[in-house]
Amino acid sequence: MYVIGTAGHVDHGKSTLIKALTGIDPDRLPQEKERGMTIDLGFAWLTLPSGREVSIVDVPGHERFVRNMLAGVGGIDLALLVIAADEGVMPQTREHLAILDLLQIKKALVVITKADLVDEELLQLVEAETSEVLGGTVFEAAPMIAVSAYTGHGLEKLQDMLEHMLSSTPVRQDLGRPRLAVDRTFTVTGFGTVVTGTLIDGTFSVGQEVELVPSGRICRIRGLQSHQKKVETAEPGRRLAVNLSGVSHDEIQRGELITTPKWLKPTSIIDAKLKLIRSAPRPLKHNTRVTFHLLASETSARVRLLNHRQLQPGQEAWAQVHLDNGTPLVKGDFFVVRSSETTLGGGKVVDPYPKRHRPFIKSILESLAVIDGGSQEESLLHAVDQWGPCDLTTLSQRSNQALSEVQPIITKMAQEGKIHLMGRAQVQPDSVVYSDRAWHGVKEKSTNALDEYHRQFPLRKGISKEELRSRLGLSVSIFPQILAILVDESTVVEEGALVRSLHHKAVLSQDQERRVDTYLQALASEPFSPPTDKTVDPEILAFLIQDGKVVKVDSSVIFSSDAYQEMVKTITGYIKEHTKITVAEARTLLKSTRKYVLPLLEYMDQQRITRRIGDERVLR
Ligand SMILES: Nc1nc2c(ncn2[C@@H]2O[C@H](COP(=O)(O)OP(=O)(O)OP(=O)(O)O)[C@@H](O)[C@H]2O)c(=O)[nH]1
Ligand SMILES: [Mg+2]
């Protein structure tokens, strides 16, 4: 499946051409019909003579609606660059051309429309002018055809040319993680919320659970339609209408992405390779505010240049773009930046989740060059170095490469020792991989985390595993494997549910020892009814409990361990003899009061020493 999009100046005959080709009027809004002008995106489809179906996105040409045009061209495979024979190249012809170039839409068919309005001589003039304008752009060699939607002249040939161009256009890759940028939302009576957009990078099926990003809403695909026909599954490169359950249509904005749940996080800073177009009105200064357009989304943003103080028209630079609204995107996505009045430039996302960089740092510029231009191997290694250990599925998402491509490369890198596998020798989608650098990072982070924890809580034996996992920012699925290696390497020590550093030992200071002595003496003064008003610092108490010096049976009653053991012995001895014991009997037996005996017996129930039956306790 392919999507083609129109482009070109206002009134040059884009919508009329699409209607003549498809029989579908792409101008659907009442204001559009009234004014004879496209305002927002229009959609149509066409079956070529060979039977090949193509989707069509018709865009507005008026300069006021360039942002709508941008929302539509993101996912197209081929552009129909429309130029009216009677007007020739006009400002939005150039602006749309620059946008197609920035978004790296590689294929275009140049259509000179309204050929019926001019004679042969003028037509040749317009064709020559167009060729000149296209010179030096990706469309330099694009085929050109003159047509008239009124007389039908050239339309058949245009279809043949489309057929020919599409037959050599690579189909959209299935990277295993579908994305559909919403360009329209509405409700259909009896169905509910419907959104439309172009599906890229994966497939969608009816019944599938999906996430809306950035809102994070989870919903389900109730139905799918393409070209008004129901489909069960849709492959990448298709225009789709998606019927969603679990969300109302006004909760979804244009630009929101629909994707599989829980992998795509909106980002507010990106590293990018940014180009200022040749016809930009002025140089781009560091920290310039712009509007950032990617697929169907739009946000205000600030451009920080990393290797230039200001960018001249036609120049390219490394830049960090700070996005005002979190935007879901992946490495390799193309974007456009505009000022309030015109298109300034655009480029490619190099790193979707970078740290903040200061300008003119050599190592950062070098690393950007590697991520952008390096081999697949280099970019995978870079992703692992930067992100730390992760499973293959996550790695393929972070490096924006298909899992099927990543798997053999990782196998080779593992054989060469450039990447290491945790556990299993076979490389599987859930295999956890790490590099030397990533491992060094994990070790350093865990040592630091433990040191900090021990400094904060010197009397605790160690940190709970869950807390350590969260401090290291590791996922639940890979943490146990990483911990096992850290223990194996003696970087950390595992003690039951806790983890500590190699040399840590919880010891009391002299002053704390003194306070503990006083406290323990107080407990011992009335072993079975110890004072509850004498307390000790909670950290010290936790230490004593951990150390087995005292037993805390409820929030206020604490016994010395000796007293507790003795009471347990006395009570169990009594039950053995009498088969059961009541609270009153225990009270008499221990010469204590209800205040102590009740929590003690409850604690013994909890410890599964005794069991309560009505008012009595028996042994478990
Ligand atoms: N004579 C002649 N007129 C045409 C032809 N194609 C379009 N027109 C006229 O040109 C005008 C503009 O056509 P549209 O198709 O609305 O132009 P557009 O490029 O879609 O305009 P926007 O969407 O607003 O950018 C209309 O009045 C059409 O009737 C053609 O082949 N011959
Ligand atoms: Mg139009």
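The values are calculated or read from the model by the stated rules, or taken from the named source; none is laboratory data. Keep in mind the model is a prediction, meaning the values are calculated, not measured. Don't worry about glycine lacking a Cβ; one is built from the backbone with ideal geometry, like all the others, and counts go over all protein chains shown. For accessibility, only protein heavy atoms count, side chains too; no ligands or nucleic acids. Shrake-Rupley method; radii C 1.70, N 1.55, O 1.52, S 1.80 Å.
Ignoring ligands, DNA and RNA, what accessible area per residue does the chain give at 1.4 Å, in Å²?
With the other protein chains kept in place, the chain gives 47 Å² per residue.
For segment 258-341, what size does the Cα cloud have along each of its three principal axes, sorted from largest down, in whole Å?
42, 26, 19
Just to be sure I understand: if I project the alpha-carbon convex hull of segment 538-620 onto a plane and average over all orientations, what area do I get in nm²?
Orientation-averaged projected area of the Cα hull: 5.2 nm².
From the P(r) of segment 454-500, can you give the percent of Cα pairs sitting at distances over 14 Å?
The share of Cα pairs beyond 14 Å in segment 454-500 comes to 49 percent.
Using the Kirkwood formula over every pair of different C-alpha atoms, what hydrodynamic radius in Å results for the chain?
It works out to 29.6 Å.
Under the Karplus relation 6.51 cos²θ - 1.76 cosθ + 1.60, θ = phi - 60°, what is the ordered set of whole-Hz ³J(HN,Hα) values for segment 20-32, x standing for Gly and Pro?
Couplings: 5, 6, 10, x, 9, 7, x, 7, 10, 7, x, 5, 5 Hz.
Short version: ³J(HN,Hα) in whole Hz for each residue of segment 34-49, in order, from phi by Karplus 6.51 cos²θ - 1.76 cosθ + 1.60 (θ = phi - 60°), x for Gly and Pro, what are they?
Calculated HN-Hα couplings, in order: 4, 8, x, 9, 7, 10, 10, 4, x, 10, 8, 8, 8, 9, 6, x Hz.
How high is the relative contact order of the chain, in percent, with contacts defined as C-alpha pairs under 8 Å that are six or more residues apart?
Once normalised by length, the contact order is 7 percent.
If you plug each phi of segment 60-74 into the Karplus form 6.51 cos²θ - 1.76 cosθ + 1.60 with θ = phi - 60°, what whole-Hz ³J(HN,Hα) values come out, in order, with x for Gly and Pro?
Running phi through 6.51 cos²θ - 1.76 cosθ + 1.60 with θ = phi - 60° gives x, x, 5, 4, 5, 10, 4, 5, 5, 4, 4, 5, x, 8, x Hz.
Kindly provide the Kirkwood hydrodynamic radius of segment 481-620 in Å, to one decimal, from all pairs of distinct alpha carbon atoms.
17.2
How big is the gap, in Å, between the Cα center of segment 136-209 and the Cα center of segment 530-559?
71
If you stretched the chain out fully between Gln104 and Asn448, how much longer would it get, using 0.36 nm times the residue separation minus the C-alpha to C-alpha distance?
119.3 nm
What are the aspartates and glutamates whose alpha-carbon lies under 17 Å from the alpha-carbon of Lys273, with same-chain residues fewer than 8 places away excluded?
Leaving aside aspartates and glutamates fewer than 8 places away in the same chain, those within reach of Lys273 are Asp101, Glu316, Asp333, Asp351, Glu366, Asp372.
Extending each Cα 7 Å along its Cβ direction at Leu122 and Thr169, get the distance between those two points in nm, one decimal.
For Leu122 paired with Thr169, the spin-label model returns 3.1 nm.
Of all GluC sites (Glu not before Pro) in segment 131-230, which ones are in loop regions per DSSP and have a Cβ with at most 16 other Cβ atoms within 10 Å?
Glu140
Hey, what does the equivalent ellipsoid look like for segment 290-396, semi-axes from the Cα gyration tensor as sqrt of 5 times each eigenvalue, largest first, whole Å?
Whole-Å semi-axes of the equivalent ellipsoid: 25, 17, 12.
If you stretched the chain out fully between Leu403 and Arg309, how much longer would it get, using 0.36 nm times the residue separation minus the C-alpha to C-alpha distance?
29.9 nm
In a shell of Cβ-Cβ distance under 12 Å around Leu80, excluding Leu80 itself, what net charge do Lys and Arg (+1) and Asp and Glu (-1) give?
Within the 12 Å Cβ shell, the charges total 0.
At a 1.4 Å probe radius, carbon and sulfur cover how many percent of the accessible area of the chain?
Within the chain, the accessible surface is 49 percent carbon and sulfur.
In nm, to one decimal, how far is the Ala522 label point from the Asp436 one, both placed 7 Å along Cα→Cβ?
About 5.8 nm separates the two model spin labels.
Ser379: net charge of surrounding residues, Cβ under 11 Å, Lys/Arg +1, Asp/Glu -1, itself excluded?
Neighbourhood net charge equals -3.
Could you work out the percent of alpha carbon pairs in segment 336-413 separated by over 18 Å, rounded to a whole number?
49
Give the Kirkwood hydrodynamic radius (Å, one decimal) of segment 149-265, defined as one over the mean of 1/r across all pairs of different Cα atoms.
After inverting the pairwise mean of 1/r, the radius is 15.3 Å.
For segment 468-557, which semi-axes, largest first and in whole Å, follow from the square roots of 5 times the eigenvalues of its Cα gyration tensor?
36, 15, 10
On alpha-carbon atoms, Rg over Rh for segment 549-591 using Kirkwood Rh?
Looking at segment 549-591, the ratio lands at 1.01.
Against the globular-protein guess of 2.2 N^0.38 Å, express the Cα radius of gyration of segment 379-469 as a ratio, rounded to two decimals.
1.29
For segment 408-559, what does the relative contact order come out to in percent, with C-alpha contacts under 8 Å and a separation of six or more?
Over segment 408-559, the number comes to 16 percent.
Three principal axis extents, largest first, for the C-alpha atoms of segment 91-143, in Å?
Principal extents (largest minus smallest coordinate, Cα): 35, 18, 17 Å.
Net charge around His153, counting only other residues with Cβ within less than 11 Å of its Cβ (Lys, Arg = +1; Asp, Glu = -1)?
0
Just check segment 153-205 against the gyration tensor rule for me: Cα atoms, a ≥ b ≥ c as the square roots of the eigenvalues, rounded for a/c under 1.5, and otherwise prolate or oblate depending on whether a/b exceeds b/c.
Since a/c reaches 1.5 but b/c is at least a/b, the shape of segment 153-205 is classed as oblate.
Using the beta-carbon distance between Ser509 and Gln606 and R0 = 30 Å, what value does 1/(1 + (r/R0)^6) give for FRET efficiency, to the nearest 0.05?
Efficiency, rounded to the nearest 0.05: 0.35.
Can you pull a Stokes-Einstein diffusion coefficient for segment 203-277 at 10 °C (1.306 mPa s), Rh from Kirkwood over Cα pairs, as a whole number of µm²/s?
Approximately 114 µm²/s, per Stokes-Einstein.
Given the pairs Lys14/Lys229; Lys106/Lys362; Lys262/Lys331, which are separated by over 27 angstrom at their Cα positions?
Lys106/Lys362, as the Cα separations exceed 27 Å there.
Based on the Kirkwood radius over alpha-carbon pairs, what is the Stokes-Einstein translational diffusion coefficient of segment 1-136 at 37 °C with 0.692 mPa s viscosity, in µm²/s?
Here the translational diffusion coefficient equals 219 µm²/s.
For Ser205 paired with His249, estimate the spin-label separation in nm (one decimal), with each label point 7 Å from Cα along the Cα-to-Cβ line.
2.8
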